[in-house]
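To start, the structure under review is shown below, and the notes come after it.
Derivation of every value follows stated rules applied to the coordinates shown; laboratory data play no part. These numbers were taken from a predicted model, which means no experiment stands behind them. Cβ atoms come from the backbone with ideal geometry, glycine included; neighbour counts cover every protein chain shown.
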Amino acid sequence: MEIPNLIMEMESSSSKVQEDTDQKIDPDLSVKHDDDAHEAMKTEEKQNATRASALDTILKSLWKISVFRKELASIFTEDELVSELRDFILNNLPLTHPMESNGVYDFLVTILDLIPRWNTGYDDEKSLKTMFELYETPKKMCNRCKLDTEYPPELAYGLILIANSLREFKANSFLSFCNHYAFEDLTFESILKVIRTTLMLPCDKEGCGKRNYVERVINTLPSVFTIALEWENNETEEEISATTSVLASEFDISEIYKYEGDSVFTKYRLVSMVCLCGDQYDCMAYENNRWIRYFALNKEVIGDWNSVLSSFLKLKIRPEILFFQNVSSYDCILAYVFVFLVCSQFHQLQWPGR
């Protein structure tokens, strides 16, 4: 190799080494790396805080469901349940946190799936899960060739609704569906019914091939019916209001599904909700004929259902999981007894000598 070329290569190599050294000790690059690491740590801490808030709020909301609470009240207080079940859940979570995929509803499903493995001393932990289970059988009858088709039962915990679709439904009224089902009043129940009947499948190979709507049939009523709302997390106040104004605190499940059971108690009432406010989750619960908001370590009286809807708008609260409890015969009997006692007392006041 010629000497001049060797010198040039040595100088080039020396310059590259110096450049690499300068980059290694560049204070701006070092500061940027520290900032990125600090930002990543803050993001991780924020996500962990949100997950912890979601878990505690789900457990509190479950406790506010009387049929769930009744099964465990002889063993735990509310604080004991939240503490012990939280520890059990955290020790048994899958490697991929459920909230990393589909949010807080998947977290709830994970909790319900884990509960049967929870050793509480309670005789039947499985019943804690089954009270949320709903088995629906899809059925289809071709309106052309009249061929009936029944599909295998499907297990669900309720309904998953897209908040944006709910808003669009209200805005557009889905006239084609409404005309098809002759809905005179676009109620919460009728909206849910249309959502359940949007699936169309072709008539089976034994039939004519025409596409028909699939009807959802249930034979037993769950103790608790769950509705999950999926949000985009960037909704405006108007969009939150448009979505939540569709919601109702009571519905009849026989108006949503075709019910082929023998119970006459098909109404459900909203008893608790898991709501997102900013980065933290709140629990809304119906207690003593009024709605209460639990957030962090605080408790706030909201009032009636209209006040709840107003708080959604005012505080930009997004309800994500709604727990509806079946209005059972026991509840109805208690209501009848209460009315009887009130009437008896009124009768005595009106005619004290009789």
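Fewest-first ordering of Val246, Val274, Val308 by other beta carbons within 10 Å of each residue's beta carbon gives Val246, Val308, Val274. According to the Cα-based calculation, Rg over Rh for region 129-175 is 1.15, with Rh computed by the Kirkwood formula. Cross-link pairs exceeding 29 Å in C-alpha to C-alpha distance, out of Lys258/Lys314; Lys64/Lys314; Lys170/Lys314, comprise Lys258/Lys314. The trypsin sites (Lys or Arg not before Pro) found in region 249-317 that occupy coil by DSSP, while having at most 16 further C-beta atoms within 10 Å, are Lys316. The ranking of Thr57, Thr149, Thr236 from fewest to most other beta carbons within 10 Å of each one's beta carbon is Thr236, Thr149, Thr57.
By the count of other C-beta atoms within 10 Å, a proxy for reagent exposure, Trp305, Trp291 are ordered fewest to most as Trp305, Trp291. Between Leu155 and Leu315, the modelled labels are 3.5 nm apart [label points 7 Å from Cα along Cα→Cβ]. For region 266-305 and region 220-248, what is the centre-to-centre distance using only Cα atoms, to the nearest Å? With region 266-305 and region 220-248 each reduced to a Cα centre, they are spaced 14 Å.
The orientation-averaged shadow of the Cα convex hull for region 210-269, equal to a quarter of the hull surface, comes to 6.5 nm².
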